[in-house]
Structures are given as C-alpha cells and as structure tokens.
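Read the figures in this text as sums done on the coordinates, not as results from a lab. Just so you know, these numbers come straight off a predicted model, no measurement behind them. A quick note on method: Cβ atoms are made from the backbone with ideal geometry, for glycine too, and the neighbour counts reach across all protein chains shown.
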Amino acid sequence: MAGLYIHIPFCKKACHYCDFHFTQSVGQMDSMVNAICKELEIQADYLNGEAINTIYFGGGTPSLMNEDQLKRIMKQIQHTFSLASNPEITLEANPDDLDFDQLKSVYAAGINRLSMGIQSFHEPHLKWMNRQHTAQEAEMCFYNAREAGFENISVDLIYALPHHNHDIWERDLMKVIHMRPEHISSYCLTIEPKTAFGHLVSKGKMKDVEEEYAAQQFEILTETLDRYGFEQYEISNFAQPGYESQHNGNYWKQEKYLGIGPSAHSFNGHFKQANVSNNAKYIKGIAEGVIPFEKIILTKEDQINEYILTSLRTKWGCDTEWLQKKHKVDLLKMHEDYLMRIDYKGMIQVEEGCITLTNNGKLLADKIASDLFVYDEFS
Ligand code: SF4
C-alpha cells in the first residue's frame, strides 16, 4: 500500500510559529491546481502501480481551494492511480474557511477525514499566534462538519504557550474532549529560526519555550486524554480506538509515498526526492513538463536511523527483529549496555524484540533515538 500527499501552498495569514512552505498570494491557486493535476499525470508510474490507501491534502491551507479546484484534483487522482478500497482521504482545514455548505461539498467530493487546525480555544493565545480564526468559529466549524457527514475528524492543538498557566491548557483539553473528535494531534510549540517568533527570540524580545514547563504540559496532555479514552499511539497523536491516522502510519512504516506540489517529498522505497519550495519555479517547471526536484540519497544508516527515530515515537516501538531481517543490524547487541541502563531507569521496555518507550522515556524520545543511531556500520 502507498500514500499520496498533495501540498497546497497558500495561507491567508502567516502564523507566527509556522515554517511550512506557503505564500499569501492566494490568487495563484488556479495555476497551482493546474500544475498539481499535471504533476499527477507526469508521476503516474512513480508508485509502480501500487494501490494508494491514503490521500492527504496538506499545506498551507487546502481548505482555501474552491469546490471546482478540489474536484479537479480528486478526478485526476482517480483517473491516474489505482486506489485501494475505502481509502482514507484527509483534508487539512482552518476553521474560518468552510461554512456548512462548503463542508458538505468537501464531503461530497470524497474527503472522508477532516484535520482541523484549531490550536487553542484561548482567544489571547490565538491572537498571539496570529491565527486567522476565533475559538467560536473553531467550535462552529467542528459541529458543522459533523452535521455535513464527517465521521472522522482530527483536531490539532499546541501546548507550552505563554501565560504560564496550566488551567488554560486543561480548559482547552476539556473543551476538545467534550467535542469528541476521533483523533487529536498535539504538538509542543517549537521556535523555528525563520518565523516571526524565531526573530523575536533571536533579538531577545521573547523567551524560548521552557523545557520543564513543556514537560509538565505534556504530562497533563497524556494523562487527561488517557482518562477520556484517547490512546497515545504516537508521541504527538492520540486516537479513539480504530481511528489512528493511516496516512502517518505509512510514513512510519517506511511505505512508499508520492508527494505532489511545491516542497512535497516522495519516497519510492529506495530514495527520497523533494520538490522545489518555490511556487513560481514549480509552476514554470511543470508547464515545461519537468518536475523541479532534488534527489535525496539515503544511505543504509540513514534508513535505519530514520526508522529508529520514527518507530520509537509509536506505541508499536522499534522492531529490532525487522531491522535485523531488513538491514542486517542487531540493535539489541550493538547497544546492549546502554539499553540495560535505560531499562533500569524505567525509560524503555523490551518485549519480543521490540523496544518501546515508557512515559518517562517519551520525554526524552529524540535523545534516546539518537543514542541508538548506527554510524559507519556498512561503509
Ligand atoms: S500553521 Fe497552517 S495556517 Fe498557519 S501559516 Fe502555517 S500552514 Fe498556514
């Protein structure tokens, strides 16, 4: 099975924390949709006929497409690729973009999962992040989406925001729990250098996120969602039973995926490629029949380390027997002493060849993963 990702690189407003590829020139949407349809055609053989089981419209803000633009892309996908039965088809949406009728037409176009960027229900936080919508619009969009037929909705929330106050975070969580989405993604605020927040931090006008405060908010997040029946199946992702994101699962399992649109990445099982992160260059290249991309060669170590990093974040953990079979590397033997030490400290569990992180270990997931990386083993 394979995944398909479509990048829609436009936003009405730039959120102060965001370093994704987008522009605010929404007027170019139609030319972009034409280019995306043409790239789909050019890439018809990329997945070698493998059936697609997940399609994900991300961005940017895919909910800025009108009905006709979305339908054109969906039609091109159906015309070009073989789809598995009942594929998961997700569209990222900002709450102020879609009214009830628009939500109905998005659903009718074949989208069966909505991922709503709500981030917070606290108005001062929304303003501070430069979000386009209000808390009330977010709630209204959620209930309209339900009414329009969506039975699988994911909500994004950000934690470790300023106003050091756990009550606000707990209220946000209770609000979302009350709404009962099927899935919640929650990320710690990170300050990226090329963002408005990054500039403020570098000039000393804003403090970076405090690790201890972030860890406390993460604990509140995991304990609260667990209490209300959301399973943490990946460090930042929580789902009601049966509603884990299949699209993300494809990435974590290192399945093939095709990324369409500027800045989108693809993986054909051997190497990755990244489309140019520039709308004008992308549209021009595609008009000339050439996809402007950069090839990313992955060494065996890169593939192993990427697997360790992503798998350790999931409830399924790092399957050392699979690594042994696929890449001929015995991780348990290679890091025997280190694994014993962190096992003793209650950071991991090793069962049937699988290394999983405990709640304590999750707080140090990236550090533990990098300690397990392999270097120069195959040179
Ligand atoms: S967070 Fe989403 S809506 Fe905000 S700028 Fe980034 S891509 Fe656009």
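Numbers for the structure displayed
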{"item": "Residue count, the stretch 342-363 (criterion: surrounded by 15 or more Cβ atoms within 10 Å (Cβ to Cβ) and not in a strand (DSSP E or B))", "result": "7"}
{"item": "Enumeration of residues in the stretch 220-235 that are closer than 19 Å to Arg171 by Cα and surrounded by 14 or more Cβ atoms within 10 Å (Cβ to Cβ)", "result": "Ile220, Leu221, Thr222, Thr224, Leu225, Tyr228, Phe230"}
{"item": "Selected residue (criterion: farthest from the ligand (Cβ to nearest atom)) from residues of the stretch 1-53 that are buried (at least 21 other Cβ atoms within 10 Å of the Cβ) and of a type in the set (Gly, Ala, Ser)", "result": "Ala2"}
{"item": "Tally of residues being among the charged types (D, E, K, R) and either over 30 Å from Met29 (Cβ atoms) or part of a helix (DSSP H, G or I) (or both) across the stretch 256-309", "result": "6"}
{"item": "Residue that is in contact (Cβ under 8 Å) with a residue 60 or more places away in the chain and of a type in the set (Asp, Glu), where the choices are Glu351, Glu301, Glu306", "result": "Glu301"}
{"item": "Any chance Glu231 is over 21 Å from the mean Cα position of the chain (by Cα) and within 16 Å of Lys362 (Cα to Cα)", "result": "no"}
{"item": "Filter result (aromatic (Phe, Trp, Tyr) and more than 14 Å from the chain's Cα centre (by Cα)) within the stretch 234-256", "result": "Tyr243"}
{"item": "Matching residues in the stretch 222-251 - criterion: being hydroxyl-bearing (Ser, Thr, Tyr) and closer than 15 Å to Asn53 by Cα", "result": "Tyr243, Ser245, Tyr251"}
{"item": "Count of residues meeting criterion [within 13 Å of His183 (Cα to Cα) and surrounded by fewer than 20 Cβ atoms within 10 Å (Cβ to Cβ)] in the stretch 245-263", "result": "1"}
{"item": "Positions within the stretch 219-255 being out of contact with any helix residue (DSSP H, G or I) (no Cβ under 6 Å at 6 or more places or on another chain) and part of a strand (DSSP E or B), in sequence order", "result": "Glu231, Tyr233, Glu234, Asn237, Ala239"}
{"item": "Residue among Asp366, Asp337, Asp371, Asp376 that alone is out of contact with any strand residue (DSSP E or B) (no Cβ under 8 Å at 6 or more places or on another chain), loosely packed, with under 15 Cβ neighbours inside 10 Å and either outside any helix (DSSP H, G or I) or on the phi > 0 side of the Ramachandran plot (or both)", "result": "Asp376"}
{"item": "Identity of the residue in the stretch 73-114, more than 16 Å from the ligand (Cβ to nearest atom) and farther than 25 Å from Met1 by Cβ, that ends up nearest to the chain's Cα centre (by Cα)", "result": "Leu103"}
